[in-house]
Every structure is written in structure tokens, then in C-alpha cells.
Amino acid sequence: MTEQTRSAFRRFLPLIIFALIATVLVIAMTKIINGDLRVREVPSPLIGKPAPAFVLPELYGRGEVSDKDVKCGATLLNVWASWCFACRQEHEAMKWLANNGVRIIGLNYKDKPEEAKQWLQLLGNPYLKIASDFDGRVGIDWGVYGAPETFVIDGRGIIRDKHIGPVDQQYIEEKLLPMIKDIESVSKCEA
């Protein structure tokens, strides 16, 4: 390789690297949009393990919400926020689940309480209790990447599943409802 060829190659190397990275990102995004890349199926190291302990203030100031609240039979812990567009997409599914007897505890994630309350007043409240995770520290313990995320917890407090992204009808019918039916309630409590 001549010195002139090497110089030209060095000059265009950043452009070549950028083009390669952009190509990989475009391919990955296309697969995500087309459903070929299952982002929602990222395995969680918490599945099969006890739910992390937490105590947070309740959104409406009626006391506290803790890990004890998710250890009362089949329970969903739904991570949501008023700033989250995908949470709005899944909200009708959460209301349908609540109206059909599924216990749902909300984890309001990195949100302003007044905006969260306004969002619930506008769209409806499917939650038995709502924990306010203002700074996201509890979310870190639960391995939350962002909102929405939904955890399925059994009556012994063991995490049985984690769903990343909006809960949709396919997930409800194919995985969530059969899983809830399989979970035996070890204890009951009032939420």
C-alpha cells in the first residue's frame, strides 16, 4: 500500500466506521419494528427469585407500599409513568385485567406525583395501590430498564415473569392468564 493510499484510507476511516454502525442500527431497528427481534423477551435474573424488598410512599399519601403488597396471591407489579407514551398504550389492558379480577400494584417510576395523579384521573386507575419511586432506586433493585414493565409475582413472593414494553392482548391470552391460573395463592391479604 502506498503512502497516498494509506493517507486516503485514514481520512475516510471515521466515515467508514460511522456507516457500519449506522447500518447495524438500521437493521436492528427494522427488526424491532417488524417484531423479528424480541426486545420484550430479555431474560431477567430475578425470575424464580424472591421479589426485592422495598418500602415506598403511596402516590395518594395513604401510607406506604411495600414488597408485602405483592405477596398476596397472583399479583402484577406494573411499572408506569405519566411521561411514558407506551404506558398510555397498555393502560386499557391494565384496566381490563383489573376489571377481571387481576391484582395490580402500580410502581410509578421517576414521575412527578401531581402529573401521575392527573394522568390517572384522565385515564382511570386500575391499581390497588401505587408506590411512588421518585428517584428510580427501587426500579434499579427490580432490574427495571424503563417504563412500562410488568412483573408477575406468586403468593410466595417469587417473581414468575417479567414483560418489557406494553402488555398487549397476545401476551395476556398466551402467557399471562394461563400463568395466573397456575399460581396457587398461598396467602390472601387486603390491599
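Tabulated data
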item: Rounded to whole Hz, the Karplus (6.51, -1.76, 1.60) HN-Hα couplings of region 13-19, x for glycine and proline; result: 4, x, 5, 5, 4, 4, 4
item: Built amide H within the under 5 Å cut-off of Ala74, gap 5+; result: Gly155
item: Note, ³J(HN,Hα) from phi for region 47-57, Karplus 6.51, -1.76, 1.60, rounded to Hz, x at Gly and Pro; result: 5, x, 10, x, 4, x, 5, 7, 9, 9, x
item: Percent of Cα-Cα distances greater than 24 Å, calculated over region 41-182; result: 20
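All of the numbers you see were taken from the coordinates with simple rules; none came from a lab. This structure is a prediction, so every number in the text was calculated from the model and none was measured.
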